[in-house]
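Working notes for the structure below.
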Amino acid sequence: MIFSYEHIINSVDGILNRLDTDYIDMLLLHRPDALMQPEEVARAFDELYEKGKVKYFGVSNIKPMQIELLKKYIRQDIQANQLQLSITNSQMIRNGLEVNMFTEGSLDRDGSVLDYCRLNDITIQAWSPFQYGFFEGVFLGNEKFDNLNRTIDEIAAKYNVSSTSTAAAWILRHPANMQMISGTMNLKRIDEIIKGADIELTREEWYKIYLSAGNMLP
């Protein structure tokens, strides 16, 4: 979360050395830096882009107005924003549904980042798509989420896929055209996630999963 010119440049050079490559496709600024000077970020981005070291740029866990501050100075487009999202961690969706209410889900903690990214053609990359809480574990097959798992298993049986595929399909069904950051190195799990991309849940199925996770609809 250090956005100084020196840190960004040194970080990229270190990445290139470790990967033994001349360039990386995308560089993301990870989490906000309270001491960020966007002019420094812009200088670093320009140098990395002009030298061919980075092709595209993005951010991670950054709010809309922080992106706007960056956009005032940088010349490159912000291509992606990595944000935590799963069926059980769906606050960015909840606050867009529980509008004008006094519920927990109505709290706007992210500046309507989901709508902002859609308006500005910024791809949301959903990280920890099978986790609940921050890093408390997975919800799939977890007895804490019996109702959710029963619903997922029921829909998975209909499409003849795994629960992992169905949970992935839930995220990929959203019209924001999100990408998933699964963090797994298990080839079977990766194959199951890929199969989720071939399923288009109905509206009824998508909301049934959403509600079975304990979420509400007004």
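Observations on the structure shown:
- The number of residues in the stretch 98-124 that are on the phi < 0 side of the Ramachandran plot, open to solvent by 20 Å² or more (accessible area, probe 1.4 Å) and outside any helix (DSSP H, G or I) comes to 10.
- For the residues S182, S165, the requirement of being open to solvent by 30 Å² or more (accessible area, probe 1.4 Å) and farther than 19 Å from R94 by Cα singles out S182.
- Yes/no for E136 being assigned to a loop (DSSP other than H, G, I, E, B) and either basic (K, R) or within 20 Å of A213 (Cα to Cα) (or both): yes
- Criterion applied to L201, L211 was being open to solvent by less than 50 Å² (accessible area, probe 1.4 Å) and either of a type outside the set (F, W, Y) or not in a helix (DSSP H, G or I) (or both), and the one residue passing it is L201.
- Within the stretch 150-189, the set of residues being out of contact with any Lys or Arg (no Cβ under 8 Å at 6 or more places or on another chain), modelled with pLDDT of 95 or more and more than 23 Å from D115 (Cα to Cα) comprises R150, I152, D153, E154, A156, A157, K158, Y159, N160, S163, T166.
- Subset of the stretch 43-63 that is open to solvent by 10 Å² or more (accessible area, probe 1.4 Å) and within 16 Å of D77 (Cβ to Cβ) - its residue that is nearest to the chain's Cα centre (by Cα): Y56
- The single residue among I74, I67, I15, I8 that is assigned to a loop (DSSP other than H, G, I, E, B) and of a type in the set (A, V, I, L, M) turns out to be I74.
- Between D46, D20, the distinction of being modelled with pLDDT of 95 or more and over 19 Å from S4 (Cα atoms) belongs to D20 only.
Matching residues to (1) part of a helix (DSSP H, G or I); (2) surrounded by fewer than 20 Cβ atoms within 10 Å (Cβ to Cβ); (3) touching a strand residue (DSSP E or B) at 6+ places or on another chain (Cβ under 7 Å):
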{"site": "K144", "(1), (2), (3)": "yes, yes, no"}
{"site": "I152", "(1), (2), (3)": "yes, no, no"}
{"site": "I155", "(1), (2), (3)": "yes, no, no"}
{"site": "W170", "(1), (2), (3)": "yes, no, no"}
{"site": "A176", "(1), (2), (3)": "no, yes, yes"}
{"site": "I190", "(1), (2), (3)": "yes, yes, no"}
{"site": "I194", "(1), (2), (3)": "yes, yes, no"}
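The values are calculated or read from the model by the stated rules, or taken from the named source; none is laboratory data. Quick caveat: nothing in here was measured; it's all calculated off a predicted structure. Quick reminder, even Gly has a Cβ in these numbers, built from the backbone with ideal geometry, and neighbours come from all protein chains shown. When the accessible area is computed, the model is the full protein with side chains, heavy atoms only, and any ligands, DNA or RNA have been set aside. Shrake-Rupley method; radii C 1.70, N 1.55, O 1.52, S 1.80 Å.
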